[in-house]
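Data first, discussion second: the structure below is written as structure tokens.
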Amino acid sequence: MKCLELFAGIGGFSAAFKNQNIICAVDINEQAARVYRSNFEHPFLIAEIASLSVAWFQENSADLWWMSPPCTPFTRRGRSAGLEDPRSSALKHLIGIVPQVLPNLICIENVVGFERSTAFDHVCREWGKVGYHIDWTIACPTLLGWPNLRPRFYAIASLERNRTLSRMYEKQARVLLSDFLDASNDEIESLRLENRLANQYEKAIDRVQATNVGAVTACFTAAYGKSVIRSGSYLDTGMGYRRFSPREVCRLLGFEDDFVLPSELSRRQLWHLLGNSLSIPVIRAVFGGALN
Ligand SMILES: C[S@@+](CC[C@H](N)C(=O)[O-])C[C@H]1O[C@@H](n2cnc3c(N)ncnc32)[C@H](O)[C@@H]1O
């Protein structure tokens with residue numbers, strides 16, 4: 001299928017669906033472009049999506065538009081301003097463009113809460129008027145036996161009635177957190193959470209032990225490495241806590257080990273980009289059937 005990967009970031013959609021024909025990926029972030037281009041050969045346009053015209057979408061005619069618009073406007077932390085938030089300008093623009101271009105399929109990923117937003121209400125109303133059928137669900141990697149929390153909203157809008165999301169997840173044999181660890185001894189030292197922060201946030205730190213069979217890591221967000229709490233888990237080493245390395249977070253998101261994390265990007269930059277990305281096994285499970 002010919003696809004546009006909008007809000008492409010580091011290319012979670014491309015990594016999950018390697019057999020799709022991505023005719024163009026678009027994102028405004030140059031660091032995301034650097035990671036994307038290190039991994040995929042598809043054209044990548046660094047652009048403000050709100051500046052792309054109907055003519056651009058007609059010239060780049062695709063069967064499927066993938067959209068992972070910024071989540072912050074739909075979180076309490078981001079003040080839940082939804083479509084009124086300036087960070088939603090590109091989404092607002094796309095809601096208006098779709099009825100003029102009519103791609104066959106549109107897939108959306110966002111945070112839980114999006115389903116209650118005026119943005120989703122607007123999507124359902126405006127796209128419903130021109131014949132789209134919309135199906136949505138909430139899914140989390142833990143449903144697949146994956147040791148990472150990342151509940152997310154997923155939707156598909158289709159001009160054909162039979163394109164729906166899957167809710168039958170094949171639970172994999174329990175994957176152990178220890179299987180995702182990779183940091184070398186030197187790296188472990190540099191990932192260590194400073195005693196001062198460990199003491200300050202002792203009660204609030206989300207900690208996991210690799211040897212605990214039921215260990216599940218919290219959702220890694222773009223703030224990991226910057227904010228100690230509510231941004232992801234720390235590994236309890238028995239001698240303190242350490243952060244998960246970008247490679248470990250990348251594995252927990254389901255990217256394969258040959259996914260390149262360019263060495264010129266700092267750890268903080270990589271955590272930020274990974275925290276914005278997708279759970280690969282979940283989007284395969286949820287959208288796989290509809291995209292065949
Ligand atoms: C939630 S992230 C999606 C990440 C992506 N799914 C991935 O796998 O990495 C949202 C992305 O939208 C991009 N973005 C935000 N506003 C944008 C805009 N107005 N135009 C283009 N890209 C934008 C951000 O740079 C970020 O990479």
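The values are calculated or read from the model by the stated rules, or taken from the named source; none is laboratory data. Predicted model, so just to flag it, every value in this text is computed and none were measured. When we count neighbours, we look across all protein chains shown, and the Cβ atoms used for this are built from the backbone with ideal geometry, even at glycine.
Exactly one of these conditions fails for ALA155: (1) at negative phi; (2) at pLDDT 95 or above; (3) surrounded by fewer than 20 Cβ atoms within 10 Å (Cβ to Cβ); (4) not polar (S, T, N, Q). Give me its number.
Status for ALA155: all satisfied but (3).
Within the stretch 10-29, identify whether any single residue is touching a Cys at 6+ places or on another chain (Cβ under 8 Å), near the ligand (Cβ under 9 Å from one of its atoms) and in the same structural domain as THR137 (by TED's automatic domain parsing), and answer yes or no.
Yes, that holds for at least one residue.
Among the candidates ILE49, ILE28, ILE22, single out the residue that is surrounded by 15 or more Cβ atoms within 10 Å (Cβ to Cβ), in contact with an Asp or Glu (Cβ under 6 Å, 6 or more places away or on another chain) and closer than 25 Å to PHE114 by Cα.
ILE28
For the structure I just gave you, tell me whether ILE106 is assigned to a strand (DSSP E or B), of a type in the set (A, V, I, L, M), within 19 Å of the chain's Cα centre (by Cα) and farther than 30 Å from LEU235 by Cα. Even if it seems obvious, please write down each step before you answer.
On the way: assigned to a strand (DSSP E or B): yes; of a type in the set (A, V, I, L, M): yes; within 19 Å of the chain's Cα centre (by Cα): yes; farther than 30 Å from LEU235 by Cα: yes.
The answer is yes for ILE106.
Tally the residues that are within 9 Å of the ligand (Cβ to nearest atom), touching a residue at least 24 places away in the same chain (Cβ under 8 Å) and not small (Gly, Ala, Ser), restricting the search to the stretch 32-51.
Adding up the residues that qualify gives 4.
Which residue is nearest to the chain's Cα centre (by Cα), if the candidates are limited to the stretch 109-145 and must be of a type in the set (Lys, Arg) and at pLDDT 95 or above? Show your work before the answer.
As a first pass, look at the stretch 109-145 and keep what is of a type in the set (Lys, Arg): 116, 125, 129.
From what's left, at pLDDT 95 or above: 125, 129.
Values: ARG125: 25, LYS129: 29 Å.
Once the filter is applied, the top-ranked residue is ARG125.
Could you pull out the residue among ARG87, ARG76 that is part of a helix (DSSP H, G or I) and within 30 Å of VAL216 (Cβ to Cβ)?
Numbers: ARG76 fails: part of a helix (DSSP H, G or I).
ARG87 is the lone residue from the list that is part of a helix (DSSP H, G or I) and within 30 Å of VAL216 (Cβ to Cβ).
Give the stretch 51-99 a look and list any residue that's among the aliphatic types (A, V, I, L, M), closer than 21 Å to ARG163 by Cα and either at pLDDT below 85 or in contact with a Pro (Cβ under 7 Å, 6 or more places away or on another chain) (or both), or say none.
ALA62, LEU64
So, in the stretch 52-91, how many residues would count as being among the charged types (D, E, K, R) and within 10 Å of the ligand (Cβ to nearest atom)?
Start the filter on the stretch 52-91 by keeping residues that are among the charged types (D, E, K, R), which leaves 59, 63, 76-77, 79, 84-85, 87.
Imposing the further condition that a residue be within 10 Å of the ligand (Cβ to nearest atom) reduces the set to 87.
Residues in the stretch 52-91 being among the charged types (D, E, K, R) and within 10 Å of the ligand (Cβ to nearest atom): 1 in total.
Looking only at the stretch 158-204, filter to residues that are under 22 Å from the mean Cα position of the chain (by Cα) and of a type in the set (Lys, Arg); which one of those is farthest from MET239 (Cα to Cα)?
Looking at the filtered set, the residue picked out is ARG163.
Only one of (1) within 16 Å of the ligand (Cβ to nearest atom); (2) surrounded by 19 or more Cβ atoms within 10 Å (Cβ to Cβ); (3) more than 16 Å from the chain's Cα centre (by Cα) fails for ILE283. Which number is that?
(3)
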